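Read the structure below first, then the notes.
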Amino acid sequence: MKKERKDSTRNHIKAMLALFCVMFIVLSVYLGYIVNVYGNRWFSSPYNTRVANRKGTIAAGMLLDRNGVRLAYTSSDGKRKYVDVKSLRRSMSHVIGDTYGQTFGAESMFAKYLLGFDSRLSDEFEQLIGTQQKVGSSVLLTVDSELCEYAYGLMDDYWGAVVLMNYKTGEILASVSQPTFDPKYMEDYLNGEKELAASAMVNRVTMGRYTPGSTFKIVTMIAALRYLPGIENRTFNCDGALVFDKKTGKYLPNIHVDDEEFAAASENIKYDREQEGAEDVGAEPAASELYSIVRDSHSEYHGEIDIYTAFAKSCNNTFAKLAMELGPARLATVAKDLGIGDEFLFNDMLLYSSSFEKGSTDLEVAWSGIGQYKDLMTPMQTCMLTAAIANGGVMMEPRLLSRVADGNNRVKLTAGSRVYKTVLPAAESEIMQNAMFGTVNNGTGRKAALDNYQVGGKTGSAEVSSNKSVKTHSWFTGFVADDEHPLAVTVILEQAGGGASAAAPLAGQLLKKAIKLGY
């Protein structure tokens, strides 16, 4: 009996020991995973005391653009200095970042290199026996400071974001966000000696979550290609506004209203860029007490059209109908497949997630299909999606880090391109490329066209006021179809009006400049 008890006890001990071993292995694997996935985020955090302590013992290395232009360096007195040209500093402020932990630019994202945490023992010894100050590694970025400064100038006084990338490698060539700040005066901002514009520390390229407007028709069209067989051969009748019951949101196909009455209110708005809003002086028509409508811009209807023409002319009527035919579940599935909603854990930047929310009524679904419900997109993710379409469906991870070199200019690290994921098959990407060519050749994106190059794109005019009291945000996202110049660009200008009139020409000018510089 005692022997049986001893055997039973031993078996229990062995079982417990095995369980603890399994738990330890699982915990070790999990810790390894989270350190690998989140390690760079934690390291670049302003709350990392190791980084703060390191700043007192080592001079941060140089920060340079892809052509060797020195953007930031540590002077002999230990102070962090920035490039002399004010417009260049301001245009690249969100890329450069700051040393106070207020932004997520290169100063914090690449602190492990700039502060020498990557140094080998031989490097440490070499600096120790020398007479010079201990200096961290130099970091060469992928961005071209000349392109950033040029884009900054094109934006004029508009708030918003511009991003330009190589769609084959994922290299970010230009990234500008406004309002901006001057990294040279960060201490003055913090102690109140200099004023800072509201939200100036927010990098709108990576953190700005905007209503996408008609640029979201890219997603709706991809969904139609996947779920509606024969969609390319169908025709649609765009003959007026779509009418919905105001209380229930139900589509009323047999009800017709004179949407010129609905349009009257918005057409009589007095816009003033100096004001936060604008007075709506138009009277709301009686019909609006019963119905809600989805109409085309300026009530310009297109008659009988195919899906390519509808895309090129940005037909709300057609794409609202497509969204209702597809339904919210299919739209949500395609949005997810395209990376919308992903949590991005890139090494080179902090990128906020975009989002898609299913509509529960016909009206909400119709609005979601044209990017005017609760869809939210960052300019960077919009550019990534556009780049993937241009790249045969392959979405590259956006990159800001090019090389890391030691104090003697010896290259320690060369960053390589990384595929994020394939978001659509090559056949779909080809169809979407052709649709986007149509937008620039014959549709709303004509002002982005370039001589001697095939440009594809999509405009967007995103309403941000329920009563149309402010101008729309102006969007354009597009690409150059050329192996020698694999460029993708996304532009959003807040309250600048239509995408065709503001964002598209800016994108065209930036693409032209980039090609001239050899990109």
Expected field for E484, accessible surface area in Å² at 1.4 Å probe radius, rounded to 10, holds 140 Å²
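Which order, highest average first, do 316-322, 95-101 follow once you tally other Cβ atoms within 10 Å for each residue and take the mean per peptide?
316-322, 95-101
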In whole Hz, with x marking every Gly and Pro, tabulate ³J(HN,Hα) for region 360-370 from phi via Karplus 6.51 cos²θ - 1.76 cosθ + 1.60, θ = phi - 60°. 10, 10, 4, 5, 5, 5, 4, 5, 5, x, 10
Heavy atoms only, 1.4 Å probe, whole protein assembly: order K81, K374 by accessible area, highest first. K374, K81
About the Cα centre of region 418-492, what is the dipole size in debye to 20, counting +1 per Lys and Arg Cβ and -1 per Asp and Glu Cβ, all else neutral? 460 debye
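Give K313/K421; K321/K374; K81/K168; K86/K412 a once-over and call out the pairs whose C-alpha atoms are over 23 Å from each other.
On the way: K313/K421 30 Å; K321/K374 18 Å; K81/K168 34 Å; K86/K412 31 Å.
Result: K313/K421; K81/K168; K86/K412 exceed 23 Å.
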Starting at the first residue of region 191-205, write each ³J(HN,Hα) from the Karplus equation 6.51 cos²θ - 1.76 cosθ + 1.60 with θ = phi - 60°, in whole Hz, x for Gly and Pro. 8, x, 6, 10, 7, 10, 4, 4, 6, 5, 7, 7, 7, 5, 4
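If you roll a 1.4 angstrom probe over the protein chains with everything in place, what fraction of the accessible area of region 180-244 belongs to carbon and sulfur, to the nearest %?
In region 180-244, the share of accessible area belonging to carbon and sulfur is 42 percent.
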Under a 5 Å amide H to amide H cut-off, with H placed in plane at 1.01 Å, what residues pair with G160 once short-range neighbours are removed? Q178, E494
Not counting ligands, DNA or RNA, and with a 1.4 Å probe, what is W367's accessible surface area in Å² rounded to the nearest 10? 70 Å²
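Taking the highest mean first, how do the peptides 493-506, 57-70 order by number of other beta carbon atoms within 10 angstrom per residue?
493-506, 57-70
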Report, by chain and number, residues whose modeled amide H sits under 5 Å from the one on G371, excluding near sequence neighbours (fewer than 5 apart, same chain). none
Cβ crowding within 10 Å averaged over residues, with 82-91, 163-172 ranked highest first: 163-172, 82-91
By accessible area with a 1.4 Å probe, ligands and nucleic acids excluded, highest first: order of F311, F437: F437, F311
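Computed from the mean reciprocal separation of all distinct C-alpha pairs, what Kirkwood hydrodynamic radius does region 76-233 have, in Å?
The answer is 18.6 Å.
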Kirkwood-based Rg/Rh on the Cα set of region 278-389 evaluates to 1.04
Between region 59-101 and region 299-348, how many Å separate their Cα centres? 41 Å
Would you mind checking which residues have amide H under 5 Å from L450's amide H? H placed 1.01 Å from N; only 5 or more apart, or other chain. V455
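The values are calculated or read from the model by the stated rules, or taken from the named source; none is laboratory data. Keep in mind that this is a model prediction, so the values were computed, not measured. Cβ atoms come from the backbone with ideal geometry, glycine included; neighbour counts cover every protein chain shown. Heavy atoms of the whole protein, side chains included, go into the accessibility calculation; ligands, DNA and RNA do not. Shrake-Rupley method; radii C 1.70, N 1.55, O 1.52, S 1.80 Å.
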